[in-house]
Every structure is written in structure tokens, then in C-alpha cells.
1. Please give the number of the condition Ser61 fails out of (1) in contact with a His (Cβ under 8 Å, 6 or more places away or on another chain); (2) among the polar types (S, T, N, Q); (3) farther than 15 Å from Phe81 by Cα.
2. Across the stretch 25-81, what is the total count of residues that are modelled with pLDDT under 90, acidic (Asp, Glu) and over 15 Å from the mean Cα position of the chain (by Cα)?
3. Given the criteria of a type outside the set (Val, Ile, Thr) and surrounded by 16 or more Cβ atoms within 10 Å (Cβ to Cβ), does Asn62 qualify?
4. Write out, first by first residue and then by second, each pair whose Cβ atoms fall under 6 Å of each other, whose residues are 6+ apart or on separate chains, and whose first residue, in the stretch 68-91, is under 14 Å from His55 (Cα atoms) while the second is modelled with pLDDT under 70 and surrounded by 12 or more Cβ atoms within 10 Å (Cβ to Cβ).
5. Could you please tell me which pairs satisfy a Cβ distance under 8 Å, a separation of 6+ or placement on different chains, a first residue in the stretch 33-59 that is buried (at least 16 other Cβ atoms within 10 Å of the Cβ), and a second residue that is modelled with pLDDT of 90 or more and acidic (Asp, Glu)?
Amino acid sequence: MVNGSLDDWLHPNQEELEAYEEPKKLSLVQRLNVAMDVACALDYLHHRFETSIIHCDLKLSNVFLDDDMIAHVGDFGISRFLLDANYNDSGNQTKSVGIRGSVGYMPPGALAESSKEH
């Protein structure tokens, strides 16, 4: 994307700082717009399909900004489909939950699933 990742804007490296006369900065309104764009993208993935899609690796470097500073979520390499619990007839089966993605990310429902096992 033209404006790179959100990580580039919030945590520029030394080369990027030296390449620009004035460092890149996001205004409060731009930050709110990016947050809303990401929230809308996740809502779309989680709730707008018959089977929800869980990204599993949402982080600053996977949020990209286009030339209009509209945020897009990318890198679906480890994304997963969230199957409905009612899909399986056997209520006695247990499910193991493993942490996927970057440190600090936990897919929605992971805590609820792990608490059901105990």
C-alpha cells in the first residue's frame, strides 16, 4: 500500500526518520479513522459470513494504509474459520486451544473455550 503499514507510522525506524524532513504523524482524527476501519474489517470477518473468519495475527504491521489513509487488514496466512459449536453432535468431545499469531493476540472466544474444558 502507498502509505505502508500502521507500524511504520507509529514506530518509524531510524532510516525512515532520516529520509523525511518531518516525521510522519497521525492526527487524532486519523487515528480514530484507522481504529474504525480496523473495527469494521474485523466485524465484517467475524459477523458477515455464515462461518466467521478469525484473523489470528492482528498487529500494527498487518494494518496497511492506502493513499487516502484508509486502513486495510492484511496477512491472512494463519487465519482460521470459526466453526459453530452446534455443528458437532457430540457434546462430550473436548477441544484443545492453542495460541496462534503474534504475542499479545488472542482470538475472540479463546478464553471462553478454555474455561469450558475445566
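The values are calculated or read from the model by the stated rules, or taken from the named source; none is laboratory data. Since the structure is predicted, the reported quantities are computational estimates derived from the model, not experimental observations. Using ideal geometry, Cβ is built from the backbone for each residue, glycine included, and neighbour counts are taken over all protein chains shown.
1. (1)
2. Total meeting the criteria: 1.
3. On the way: of a type outside the set (Val, Ile, Thr): yes; surrounded by 16 or more Cβ atoms within 10 Å (Cβ to Cβ): yes.
Spelling it out, Asn62 is indeed of a type outside the set (Val, Ile, Thr) and surrounded by 16 or more Cβ atoms within 10 Å (Cβ to Cβ).
4. Filtered contacts from the stretch 68-91: Ile78/Arg100.
5. Correct list of pairs: Lys59/Asp7.
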